[in-house]
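First the structure, in the form of structure tokens, and then the observations on it.
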Amino acid sequence: MTFPEPTAVSSPPVKPPVVWWLRLEGLAIATLSAIFYARTGASWWLFAALWLTPDLSFLGYLTGPRIGSYCYNTVHSYLLPGVLVIAALSLRQPALLRFAIIWFNHIGVDRLLGYGLKYPAGFGFTHLKKLGKQ
């Protein structure tokens, strides 16, 4: 599989009002995941300790923006925590379910704050907005 070379992105393709809906979706995911986490009875210290774990995907940027964006997007998509929920329920492993809920919450808060999936052009180029000074 070949990937296109990074190019500059002048502006994100998602504009108001669609971007507002995507951010509200993030709020909904963040709120629901916090409610579900509270219902598990798990420690909020665990929640706080693991909440930033998905951001370790930033380390992919040490190899460059293309690989960094793929690493970041893989971890900041709802797909993998969704698979983890299915595995947790199938295997009856409540610990895995807690991790997945924390992961969903992290992604939801990121979306709410406007941190979107990254383009290979650089860390600041996201599907929701351009990060940094405009």
- Quick check: anything in the stretch 60-71 within 13 Å of residue 106 (Cα to Cα), out of contact with any Pro (no Cβ under 9 Å at 6 or more places or on another chain) and small (Gly, Ala, Ser)? no
- Quick count over the stretch 21-73, residues being open to solvent by less than 70 Å² (accessible area, probe 1.4 Å) and among the hydrophobic types (A, V, I, L, M, F, W, C), is 13
- Sort out which residues of the stretch 80-110 are touching a residue at least 24 places away in the same chain (Cβ under 8 Å) and open to solvent by 20 Å² or more (accessible area, probe 1.4 Å), and write them in order of number. 94, 97, 98, 99, 103, 104, 109
- Any residue at all in the stretch 57-64 that is closer than 23 Å to residue 27 by Cβ and of a type outside the set (Asp, Glu)? yes
- Tell me, which residue of the stretch 14-52 that is part of a helix (DSSP H, G or I) and of a type in the set (S, T, N, Q) is farthest from the chain's Cα centre (by Cα)? 40
- Sole exception among (1) part of a helix (DSSP H, G or I); (2) under 26 Å from residue 15 (Cβ atoms); (3) open to solvent by 20 Å² or more (accessible area, probe 1.4 Å) for residue 115, by number: (1)
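The values are calculated or read from the model by the stated rules, or taken from the named source; none is laboratory data. As the structure is a computational prediction, the values presented were derived from the model and not from experiment. Glycine gets a Cβ as well: all are built from the backbone with ideal geometry, and neighbour counts include every protein chain shown. Quick note on the areas: whole protein, heavy atoms, side chains included, nothing else; ligands and nucleic acids left out. Shrake-Rupley method; radii C 1.70, N 1.55, O 1.52, S 1.80 Å.
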